[in-house]
Structures are given as structure tokens and as C-alpha cells.
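The values are calculated or read from the model by the stated rules, or taken from the named source; none is laboratory data. A quick note: this is a predicted structure, and the numbers were derived from the prediction, not measured. Virtual Cβ from ideal backbone geometry, glycine too; neighbours counted across all protein chains shown.
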């Protein structure tokens, strides 16, 4: 598994570090592990021109989110509300967990 795909999960709050949306915050909707990219709510918006599907329908311009590379995203710790680096450790019961390297709290994605 690549480095970029194991520190962010769906429903994590993230901040964009580079690009046109730098500094904006959003929630991860979907992660593509193969491409190392994520779909973040209201970030990296693109316009798609769609053709009419029926004879009585009009074509339109649809605005939707596009994938953004995981290396351009930083996790926001729910406890200390700062952008943080993420570590991984094995707990006493043998399960793996992510933790905030600033406040050392366990990070669990919101459902």
C-alpha cells in the first residue's frame, strides 16, 4: 500500500494545502486508493456540459466536485482543531489506530 492512502479516511475533515482552493476546509466524500485521490465536499469544483437526454429536455452546465490528490490535503484533528500529521500505532487490544502527532489523541472518522 502506498503512503498517501492510509492516513485519510472517508468523513475526515481536511484542509487543502495547495492549488486554487488553498486554505479551504471540507469533508472527504470518497477516496480512490488506486489513484491516491479524494473527493472533498465543495472543493475543486468543475463544470460539466451535459447533452439533453430526451427530446423535451435542455442541455445544461453542471457544477460538481473533482478528485484532488491526497498529498494536497492535511487532516484537521477533531480534538485540537489544527491541521496535523498523522501517526499510526497498535493499541493494547491489537487494533491499529491513527493518532494526532500534536495532541497525541486517537483520531476516529465521524460517521
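When the stretch 78-96 is limited to residues that are more than 15 Å from residue 17 (Cβ to Cβ) and surrounded by 10 or more Cβ atoms within 10 Å (Cβ to Cβ), the one that is farthest from the chain's Cα centre (by Cα) turns out to be 91.
Applying the condition of being touching a strand residue (DSSP E or B) at 6+ places or on another chain (Cβ under 8 Å) and under 13 Å from residue 69 (Cα atoms) to the stretch 8-20 and asking which residue is surrounded by the most Cβ atoms within 10 Å (Cβ to Cβ) yields 14.
On the stretch given as the stretch 36-48, residues that are surrounded by 12 or more Cβ atoms within 10 Å (Cβ to Cβ) and at negative phi total 6.
Where strands (runs of 3 or more DSSP E) sit wholly within the stretch 36-101, those with at least 1 residues that are free of Cβ contacts under 8 Å to residues at least 40 places away in the same chain occupy 37-40, 45-50, 60-65, 67-69, 86-90, 96-100.
Among the criteria (1) without any contact (Cβ under 8 Å) to a residue 24 or more places away in the chain; (2) surrounded by 10 or more Cβ atoms within 10 Å (Cβ to Cβ), the one residue 23 does not fulfil is (2).
Among residues of the stretch 1-18 that are at pLDDT below 60, those with a Cβ under 7 angstrom from a residue that is loosely packed, with under 14 Cβ neighbours inside 10 Å, sequence gap 6+ or separate chain, pair up as 4/71.
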